[in-house]
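Reading through the structure tokens given below for one structure.
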Amino acid sequence: MKPGFQLPKLACTFALLAGVVPLAAQTQQTEQQFIASTTSAVTTIQNSLPKAKTKVVLSGNLVYANGAVVTKAMPLSGLLAYVDGLKAAGAQRVDLNLGVTSINDPAATAVYDALVAHIRELGMQLAINPQVVGGELGSSPTFQSFQSTAIETYPAMAARYQPDNFVVVHEASTMSARLGITPDTSQWDGFIRAVAPLIQTASPRTRLGAGGFYDTTEDTFFRDFVTIPLLDFMTIDIYGTTGFDGLNGW
């Protein structure tokens, strides 16, 4: 953090997202090159930070349970096996990116119910990062229509699954693009302040967060979100190994 920057009760979570398509183009790498370069870059960042006072929790994103594809990307048995694989690889938490309206879809909810039950059976933590899925809110949704829906569905997700972490805003610029609106910091700030207390009431033990990826536009949101006292942590989504110098100001 830069001098004078407020960070009330916030911890920072780095999410390594494999298999998710970023907004910006990336240099093509083989799988082994990507693993090696990402590991090297993350190690460099970690070595530059003060010694952690709390343990590091490794988390894996279950990309095929994304709200856009959860009922069609692979059978439930494959998704459950994916969770087993994350556990075997050393992950301690599973991230699920539900759509804003996934909780209203019986087919999607049935899959998420089974996944969350299995995650808990394995003794793993659960993080929910809701996101806008193209078309789920109609052809021309407004920010207000999105917020009105989320005010109903986000607390319902929290009440049903009682996640350890709930990311209230997951990449504001990405979500704005999917809504077809111009990114507006004040709108997303107001959204967090409106919905966070409802999530907390629905699941009191859940930690609330927000964040995005390392990008100039996202940096503007990040610097606003860290001042919101309702949040417990911030996230940074890492899609590749270039641009890590952009994290220096964070």
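The values are calculated or read from the model by the stated rules, or taken from the named source; none is laboratory data. Owing to the predicted nature of the structure, the values given are computational and were not obtained by experimental measurement. Every residue, glycine as well, gets a Cβ built from its backbone with ideal geometry; the counts of neighbours run over all protein chains shown. Heads up: the accessible areas ignore ligands, DNA and RNA and are worked out on the full protein's heavy atoms, side chains in. Shrake-Rupley method; radii C 1.70, N 1.55, O 1.52, S 1.80 Å.
For the stretch 82-104, give me the residue count where each residue is over 19 Å from Val168 (Cβ atoms) and surrounded by 13 or more Cβ atoms within 10 Å (Cβ to Cβ).
Final tally of qualifying residues: 6.
Go through the stretch 190-219 and give me each residue that's over 19 Å from Ile128 (Cα atoms), surrounded by fewer than 21 Cβ atoms within 10 Å (Cβ to Cβ) and touching a helix residue (DSSP H, G or I) at 6+ places or on another chain (Cβ under 6 Å). The one that is over 19 Å from Ile128 (Cα atoms), surrounded by fewer than 21 Cβ atoms within 10 Å (Cβ to Cβ) and touching a helix residue (DSSP H, G or I) at 6+ places or on another chain (Cβ under 6 Å): Thr217.
The listed residues are Thr43, Thr54, and the only one of them that is among the hydroxyl-bearing types (Ser, Thr, Tyr), assigned to a loop (DSSP other than H, G, I, E, B), farther than 30 Å from Ile151 by Cβ and modelled with pLDDT under 95 turns out to be Thr54.
The C-beta contact set for the stretch 58-69 (first residue at positive phi, second residue open to solvent by 40 Å² or more (accessible area, probe 1.4 Å) and outside any helix (DSSP H, G or I), distance under 9 angstrom, 6+ apart or interchain) is empty.
Among residues of the stretch 101-116 that are farther than 17 Å from Asn61 by Cα, none has a Cβ under 6 angstrom from a residue that is among the basic types (Lys, Arg) and open to solvent by 40 Å² or more (accessible area, probe 1.4 Å) at a sequence gap of 6+ or on a separate chain. Note on the stretch 77-135: among residues that are over 19 Å from Lys55 (Cα atoms) and in a strand (DSSP E or B), the one that is farthest from the chain's Cα centre (by Cα) is Gly99. Answer yes or no: is there a residue in the stretch 137-158 that is under 17 Å from the mean Cα position of the chain (by Cα) and part of a loop (DSSP other than H, G, I, E, B). Checked against the condition, which is being under 17 Å from the mean Cα position of the chain (by Cα) and part of a loop (DSSP other than H, G, I, E, B), the stretch 137-158 yields no hits at all.
Being open to solvent by less than 70 Å² (accessible area, probe 1.4 Å) and over 22 Å from Val132 (Cα atoms) is the filter here; which residues of the stretch 53-75 pass it? Matches in the stretch 53-75: Val57 only.
Among the residues making up the stretch 159-200, those that are touching a residue at least 40 places away in the same chain (Cβ under 8 Å), farther than 23 Å from Leu126 by Cα and assigned to a loop (DSSP other than H, G, I, E, B) are Gly180, Asp184. Glu218 passes every criterion in (1) part of a loop (DSSP other than H, G, I, E, B); (2) at pLDDT below 90 apart from (1). Hey, any hits in the stretch 164-177 for a residue that's buried (at least 20 other Cβ atoms within 10 Å of the Cβ), closer than 26 Å to Ser140 by Cα and acidic (Asp, Glu)? Taking every residue of the stretch 164-177 in turn, at least one turns out to be buried (at least 20 other Cβ atoms within 10 Å of the Cβ), closer than 26 Å to Ser140 by Cα and acidic (Asp, Glu).
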